[in-house]
1. Label residue 121 and residue 98 with points 7 Å out from Cα along Cα→Cβ: what is the distance between them in nm?
2. Can you sort 112, 72 so the residue with the fewest Cβ neighbours within 10 Å comes first?
3. Can you give the FRET efficiency to the nearest 0.05 for residue 64 and residue 44, using r as the Cβ-Cβ distance and R₀ = 35 Å?
4. In region 1-95, which trypsin sites (Lys or Arg not before Pro) are in a loop and have at most 11 other Cβ atoms within 10 Å, using DSSP for the loop call?
5. Extension gain residue 15-residue 32, at 0.36 nm per residue separation less the Cα-Cα distance, in nm?
6. Taking 45 Å as R0, compute the FRET efficiency from the Cβ-Cβ separation of residue 71 and residue 157 and round it to 0.05.
7. Could you work out [θ]222 nm for the chain from helices alone, using -39500 (n - 2.57) per DSSP H run of at least four and dividing by all its residues? Round to the nearest 500 deg cm²/dmol.
8. Filter the chain for me: DSSP H helices, axial length by Cα at least 15 angstrom, mean Kyte-Doolittle hydropathy not below 1.0. List them by residue number.
Amino acid sequence: MVLVGGAILFVIALYVLLIEPTMQGHAQVKQRLSTASVQLQSLATQEQALKLQLAEDPNQSVNARITRVKQMLEEADNLLGEKLQQLVPARQMPELLKNLLAKNDGVTLLEMRSIAPQAITLSEQQKDKETLLFRHGVALSLEGPYGAIRQYLTELENLPWQFQWREFDYTVSQYPNAQVRLEIFTVSTNEAFIGV
């Protein structure tokens, strides 16, 4: 019995001193391994999310806006170019008005003078920047009967090139004659003064 009791004590001591600590260590390692596996999976998910974010261009929306604005500017430039081609060139305006006047009997030119070019600004912020467009004008004073003046103005309006009207003053001085004062202008990219 002593021998069996000693063997049991030996097995218990062996279990308490060697086997139990090894089993506890094994359980702790298993727990750590499980925790590490969960953390590794979480890090893998984060890595995938970061890869997706890095794959996206952060400037994509900005680049799209820049492309749209460039396209809008190009369309505006084209439209402006078309409009400028429809307007009479500033240097040809006085000669064109005189030639048209020579064709119309009954209309007398009292005065023709150039109006100093004026810079066209589209906004307050543009005032300090380089001016791209200039308004060139001519002031005319004409005299004649209503029909002749009407004919001259109709022919002026029907020219292949266009003018912009800024002022028109029609006064009957002595029937049937009337005096007309008008200012017409064109737009140009050149600031050069129109000589009359």
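1. 3.5
2. On the way: 112 15, 72 10.
In order of increasing Cβ crowding within 10 Å: 72, 112.
3. On the way: r = 32 Å, r/R0 = 0.93.
FRET efficiency, residue 64 to residue 44: 0.60.
4. Working: sites: 30, 32, 51, 65, 68, 70, 83, 91; in loops: none.
Passing both the DSSP loop test and the Cβ count: no residue.
5. Working: separation 17, 0.36 × 17 = 6.12 nm, distance 2.38 nm.
3.7 nm is the gain from fully extending residue 15 to residue 32.
6. On the way: r = 35 Å, r/R0 = 0.78.
Efficiency, rounded to the nearest 0.05: 0.80.
7. Values: 5 runs with 99 residues, N = 196.
When only DSSP H runs of four or more count, the value is -17500 deg cm²/dmol.
8. Working: long enough: 2-14 (17 Å, 2.97); 20-55 (52 Å, -0.41); 60-86 (39 Å, -0.74); 93-103 (16 Å, 0.23); 146-157 (16 Å, -0.40).
TM-like helix candidates: 2-14.
Every number here is computed from the coordinates shown, using simple stated rules; none is lab data. Keep in mind that what you see is a predicted model, and the values were worked out from it rather than measured. Every residue, glycine as well, gets a Cβ built from its backbone with ideal geometry; the counts of neighbours run over all protein chains shown.
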